[in-house]
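These notes are about the structure you will find just below.
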Amino acid sequence: MHKLSSNKHWTAAIFGVVCLVGAAAVLAQRQDGNSTPLASAQDLSTAFRNASKDAMGSVVAIETVSRAGMSNAPQIEELFKGSPFGEQFKDDPRFKRYFGQRGQRPMPRQHGRGSGFVVDPSGVIMTNSHVVRNAEKVTVRFRNGREYEATDIKFDSRSDIAILRIEADEPLQALPMGDSEEIQVGDWVLAIGSPFGLDMSVTAGIISAKGRSNGITERDYFLQTDAAINPGNSGGPLINLKGEVVGLNTAISTRSGGYDGVSFAIPVNMAKWVGGQLMANGKVQRAYLGIVIKPVDSDLADVLGTPVGEGAVVADVRSGTPAEKAELKNGDVIVRLNDQMVSSTPKLQRIVEELEIGKSYPIEVIRGGERVKLTMVAEAMPEDFLRKTNFQVDEPQPKPESKSFDDWGMEVQAITPEIAEQFGLGEDAGGVMVTDVKPDSPAAEKRMQPGTVIETVGKKFVPVSTPKEFAAAVEEHGTDKGVLLHIRHPNGRRDFVVLKK
């Protein structure tokens, strides 16, 4: 027993020494500063802090006021005449607020929010086109509270990039521009902006993917990130840990209306090129080829003798275009242009549009399994050139039934299960969805916008589910005083509007 007891004491003593040695080693590692997870986390936190601090002075909040429309609403008694709801609604102050006065009256001005950042110390701000495009007044506010009204606004809708000028009291701090070609998937980035009006908010994430083409704009080649971007972030910078701008925060993929983990930013290289043209010329002059192209899938690769996912197949060459003059032919696979590799159809689009007008460039194609070298002369894209004509994928996709109503300046389409899921409308969603609204049209004056759902028509609240049903209901229940529509806004709010031709 004594021996066993002695052994127990020795064992306890040895265990205690081991614990002390282990604790000392851990303490030494912590003091070392670079060899523990805690130290690494602190280093990353410091990098976030420094990048954010350096950028804050250059990031701005943008507030806009859009043009006011006019309403010609009938009185509520006329609106609901013959309806069982007439007596119920005629004395309701909420309805009198909208329908109680005859004749024209001004509609409330619309206010919007976004973000931006300084790109030139003289007072040049970059943001998204959709933030400022229809604004009659744009206010730029810095972190320290200074406010300026933008005196000059230039924008490019195709890329969704805009340039604002302000008359600053002193030279501003411009954000350094990085290189979006160098940034890689997995790299840390920070998004800075004013989501939901919360000025100078910073979120962190990584680059999730590059070269995303998702139909957000005509010039699709986005960086994808999981850094949180929400309404109000549009136009703000996406920066790397050096504090350099690598992207322009633009859009999110969402079913909830807010951040769902997938955000998109315009690559800074594209933003620099577009912004430079807007600053110098007030507009963007793009070169074009004049072709219809499609990506190289496995079937085409087998037939044409080219690697899968490389190059772009010429599906059609338009007459009189630079492509025809360069002797491009249907079935050619463009693999290089201006000594740059063509890795995708969006990449070809980017290479072409940035070519210098009037200059000759080499093109390399695979034709009949052989590599052929050609030469093209860059020409400016005509002003009336159809959207996406020269880079349209020649694969017709089934589209939901749609119909234009030119008198109102809008287009509607049936709600498919896919659309219902995308917009979170539910499986049994009814109505028709507005897909396009022309500026300064009757529909625009009533704040109709793409994504608005028209659920019923007329004072008898006739439900509609197809454009044909909608057109028939309008014809039957519309009057010279207008037609009553029960709508659901994209944010879920329901409302009544009266549209007049």
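What follows draws every value from the coordinates through simple rules; no lab data is involved. On a predicted model such as this, the values are computed, not experimentally measured, just so you know. FYI the Cβ positions are ideal-geometry reconstructions off the backbone, even for glycines, and counts take in every protein chain you see.
Brief remarks on what is shown
- Karplus-based coupling profile of region 202-212, in residue order and whole Hz: 10, 10, 10, x, 10, 6, 8, 6, 10, x, 6, with θ = phi - 60° in 6.51 cos²θ - 1.76 cosθ + 1.60 and x standing for Gly or Pro.
- Counting every alpha-carbon pair across region 402-499, the share separated by more than 15 Å comes to 56%.
- For region 411-454, the fraction of alpha-carbon pairs in successive 10 Å shells from zero, as %: 31, 48, 20, 1
- R0 of 56 Å, Cβ-Cβ distance Asp406-Ser45: FRET efficiency to nearest 0.05: 0.45
- The H on the amide N of Gly193, modeled in the peptide plane, is under 5 Å from the matching H of Met200, Ser201, each at least 5 residues off or on a different chain.
- The length gained by stretching the chain between Leu38 and Lys438 to full extension, at 0.36 nm per residue less their Cα-Cα distance, is 138.4 nm.
- For region 402-499, the dipole from Cβ point charges (+1 on Lys and Arg, -1 on Asp and Glu) about the Cα centre works out to 360 debye, to the nearest 20.
- For the peptides 230-236, 264-270, 308-314, the ranking by mean Cβ contacts within 10 Å, running from highest to lowest, is 230-236, 264-270, 308-314.
- Beyond 29 Å in Cα-Cα separation lie the following of the pairs Lys325/Lys347; Lys53/Lys347; Lys283/Lys359: Lys53/Lys347.
- Three-way shape call for region 236-377 based on the alpha-carbon gyration tensor, with the a/c threshold at 1.5: oblate
- Distance (nanometres) between label positions extended 7 Å along Cα→Cβ at Asp120 and Asp302: 5.4
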